[in-house]
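Please read the structure below before turning to the comments.
The values are calculated or read from the model by the stated rules, or taken from the named source; none is laboratory data. This one's a predicted model, so the numbers in the text were calculated from it and none came from an experiment. When we count neighbours, we look across all protein chains shown, and the Cβ atoms used for this are built from the backbone with ideal geometry, even at glycine. Heavy atoms of the whole protein, side chains included, go into the accessibility calculation; ligands, DNA and RNA do not. Shrake-Rupley method; radii C 1.70, N 1.55, O 1.52, S 1.80 Å.
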Amino acid sequence: MEFVIRNATLPDGRTGIDIAVQNGRIAALAPRLAVTAAREIDAGGDLVTPPFVDAHFHMDATLSYGLPRVNASGTLLEGIALWGELKPDLTQEALVERAMRYCDWAVARGLLAIRTHVDVCDDRLLAVEALLEVKRRVAPYLDMQLVAFPQDGLLRSPTALANLKRAIAMGVDVVGGIPHFERTMADGAESVRVLCEFAAAQGLMVDMHCDESDDPLSRHIETLAAETHRLGLHGRVAGSHLTSMHSMDNYYVSKLLPLIAESGVAAIANPLINITLQGRHDTYPKRRGMTRVPELMAAGVTVAFGHDCVMDPWYGMGSGDMLEVAHMGLHVAQMTSQQAMRACFAAVTENPAKILGLEGYGLEPGCHADLVLLDAADPIEAIRLRAARRLVMRRGRIVAESPRAVARLDLPGRPGTVDFRQLGSR
């Protein structure tokens, strides 16, 4: 064998597991494997997981914080206005450089698959060309899906539909939309119909920014689910954000949840951004804004958490750490039971992998040897500590390593070290 990880704990609770790697795939996975390898690593009981997956990101805007100026109000609408001001000054070289830098951050944190939206309302399609180039460059170590995103509205922007079709022809993977940003509710519903019919005809997946609003009457997710069902797009469609659901009355939601589940539409919440941008018109009580994650999961809907933004016009923070995303999602959704906390870990690993349709993802023989060894005993401890990534492996090759999270102390009367897991689950 080329590589063996010994004595690992898996996210499903199995312990004492050895993982053998050969030719970029998991060759065997069982307790105490009787194999030898060119290199062996003792996990020491630490958690080995498939890589983190970000199902919702904006890589064309990442690391552009402060350009052309800082978002003074910190609001969604000022962020959109800022992006509009920045677009004329964008260059392909700068877009590629920022995106490549972010991809380095991502890989170091065990994030090896990203679905990123790319604005197609700039007639030059500079961002599309740039991210297609980035996708080509990072392919050996990171899976990237591009979503053709009409940021200014499909019907509101005169050339958006033509540009979206051009972007798809250039190699963009997924059809995007933003129905709540159209001029009227009727236009929003029409944009959903047009985009879903185009995706169905082209055999493509759909991922729409949907109802990113505090307005409980913003109900485009209902249209998205209905069109998905009508066109037979089951399992190929995701609704991102869905924050208006936070403000809807319970009776309407009791009808909506089965419709979403029946259509096979997935939901992608973005906890860091939803909690930051929503509820801005509230005094007190102030709404959290994130969609109804526990209720969606209970209804059988596949739910993922996305990072959405990192240091861009909408959000001046972030570091590409999906455990930070899961940590915020856990708190905002009050998902603190043992099962719910593990579900938050799944929302940044296996659930988004399912939404993206990643081939060979998982921890079974035959799966790609894409693995992350975390300085944590289990998924709950990993979220609590935002655990250090001891090792990141892509297709059987180690692409990043870091030490355990231990601090050396030199305090009067208390020299030694502090292990940040000493209050952990062991």
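Suppose accessible area is computed on protein heavy atoms with a 1.4 Å probe; arrange T228, T184 from highest to lowest.
On the way: T228 0, T184 70 Å².
Ranked list, largest accessible area first: T184, T228.
Set the Förster distance to 30 Å, then compute FRET efficiency between L77 and S337 from the Cβ-Cβ distance, nearest 0.05. Don't jump to the answer; show the numbers that get you there.
Numbers: r = 36 Å, r/R0 = 1.21.
For L77 and S337, the calculated efficiency is 0.25.
Given a 1.4 Å probe and every protein chain left where it sits, what share in percent of the accessible area of the chain is carbon and sulfur? It would help to have the intermediate numbers written out before the result.
Details: 9030 of 16930 Å².
Carbon and sulfur atoms account for 53 percent of the accessible area of the chain.
Between T15 and L217, what's the calculated FRET efficiency when r is the beta-carbon distance and R0 is 41 Å? Round to 0.05.
Numbers: r = 50 Å, r/R0 = 1.21.
Plugging the Cβ-Cβ distance into 1/(1 + (r/R0)^6) gives 0.25.
For the stretch 365-426, just the Cα set please: Rg and Dmax, both in angstrom.
Gyration radius and largest Cα-Cα distance of the stretch 365-426: 15.0, 54 Å.
What is the Cα convex hull volume of the stretch 298-426 when expressed per residue in Å³? Each step should come with its number before you reach the end.
Numbers: hull volume 22.5 nm³, N = 129.
Looking at the stretch 298-426, the number lands at 174 Å³ per residue.
Classify the stretch 168-255: rounded, prolate or oblate, from the alpha-carbon gyration tensor (a ≥ b ≥ c, eigenvalue square roots; a/c under 1.5 rounded; otherwise prolate if a/b is larger than b/c)? Mind showing how you got there, number by number?
Numbers: a/c = 2.08, a/b = 1.70, b/c = 1.23.
Here the stretch 168-255 falls in the prolate category.
Give the residue from M205, N250, P294 lying farthest towards the positive end of the charge dipole for the chain; charges sit on Cβ (+1 for Lys and Arg, -1 for Asp and Glu) and the dipole is referred to the Cα centre.
So the residue we want is P294.
In square angstrom, rounded to the nearest 10, how much accessible surface does E295 have for a 1.4 Å probe?
We get 80 Å² for E295.
Mean residue ellipticity at 222 nm from the helices of the chain, using -39,500 (n - 2.57) per DSSP H segment of n ≥ 4 over the full residue count, to the nearest 500 deg cm²/dmol?
Details: 13 runs with 143 residues, N = 426.
So the helix-based figure for the chain works out to -10000 deg cm²/dmol.
Can you tell which of A81, L131, L371 lies farthest toward the positive end of the dipole of the chain, using +1 and -1 charges on the Cβ of basic and acidic side chains (Lys, Arg; Asp, Glu)?
With unit charges placed on the Cβ atoms, the residue in question is L371.
Given Cα pairs under 8 Å that are at least 6 residues apart, what percent is the relative contact order of the stretch 174-219?
Working: 51 pairs, mean separation 23.2, N = 46.
In percent, rounded to a whole number, it is 50.
Set Lys and Arg Cβ to +1 and Asp and Glu Cβ to -1, take the dipole of the chain about its Cα centre, and tell me which of L356, N7, Y284 lies farthest positive.
Checked the options; the winner is N7.
Rounded, prolate or oblate for the stretch 1-124? Axes are the square roots of the Cα gyration tensor eigenvalues, ordered a ≥ b ≥ c, and the cut-off for rounded is a/c under 1.5. Intermediate values should be presented prior to the final figure.
Numbers: a/c = 3.87, a/b = 2.85, b/c = 1.36.
Cα axes put the stretch 1-124 in the prolate bin.
I'd like to check one number: the per residue accessible area of the chain, probe 1.4 Å, reported in Å² as a whole number. Spell out each step's value before the answer.
Numbers: 16930 Å² over 426 residues.
Roughly 40 Å² per residue, with all protein chains present.
Which residue fluctuates most in the GNM of the chain (Cα springs below 10 Å): A167, A72, A299?
Highest fluctuation among the options: A72.
With every protein chain kept in the model, how would you rank D54, D378 by accessible area, 1.4 Å probe, largest at the top? List each step's numbers first, then the result.
Values: D54 0, D378 30 Å².
Greatest to least solvent exposure: D378, D54.
With a ≥ b ≥ c taken as the square roots of the eigenvalues of the C-alpha gyration tensor of the stretch 195-325, please select rounded if a/c is under 1.5 and otherwise prolate if a/b is larger than b/c or oblate if it is not? Display every interim value, and only then the final one.
Working: a/c = 1.91, a/b = 1.33, b/c = 1.44.
Here the stretch 195-325 falls in the oblate category.
Just how large is the dipole of the chain about the Cα centre, in debye to the nearest 20, putting +1 at every Lys and Arg Cβ and -1 at every Asp and Glu Cβ? Don't skip to the end; give the middle numbers.
Working: 43 positive and 51 negative charges, 194 e Å.
Dipole size: approximately 940 debye.
On a 1.4 Å probe surface of the protein chains, which of R408, R183, R25 comes out largest in accessible area, and what is the full order?
Details: R408 210, R183 160, R25 80 Å².
Of R408, R183, R25, the descending order of accessible area is R408, R183, R25.
Under 5 Å between amide hydrogens, which residues at least 5 positions from I178 or on another chain qualify, with H placed 1.01 Å from N in the peptide plane?
L154
Choose one answer from G416, G360, G320: the residue with the largest mean-square fluctuation in a GNM of the chain with alpha-carbon springs under 10 Å.
Highest fluctuation among the options: G416.
Considering only protein heavy atoms, what is the solvent-accessible area of H117 at a probe of 1.4 Å, reported in Å² to the nearest 10?
Its accessible surface works out to 0 Å², give or take rounding.
Compute, for the stretch 113-185, the length of the dipole vector about the Cα centre, with Cβ point charges of +1 (Lys, Arg) and -1 (Asp, Glu) only. Units Debye, rounded to 20. Mind dumping the intermediate values first?
Details: 9 positive and 9 negative charges, 19 e Å.
The calculated dipole for the stretch 113-185 is roughly 100 debye.
Under a point-charge model restricted to the Cβ atoms of Lys and Arg (+1) and Asp and Glu (-1), what is the dipole moment magnitude of the stretch 137-242 relative to its Cα centre, in debye to the nearest 20? Write down the numbers at each step before the final one.
Values: 9 positive and 14 negative charges, 86 e Å.
Charge dipole, the stretch 137-242, about its Cα centre: 420 debye, nearest 20.
Any chance you could give the angle, 0 to 90 degrees and rounded to 10, that helix 126-138 forms with the longest Cα principal axis of the chain?
For helix 126-138, the angle is close to 20 degrees.
Rounded to the nearest 0.05, what FRET efficiency is calculated for T91 and S254 with R0 set to 45 Å and r the Cβ-Cβ distance? Let's see the in-between values first.
Details: r = 50 Å, r/R0 = 1.11.
That pair, T91 with S254, gives E of 0.35.
Take every Cα pair under 8 Å in the chain that's 6+ residues apart, average their separations, divide by the length, and report that relative contact order as a whole percent.
On the way: 965 pairs, mean separation 78.4, N = 426.
Answer for the chain is 18 percent.
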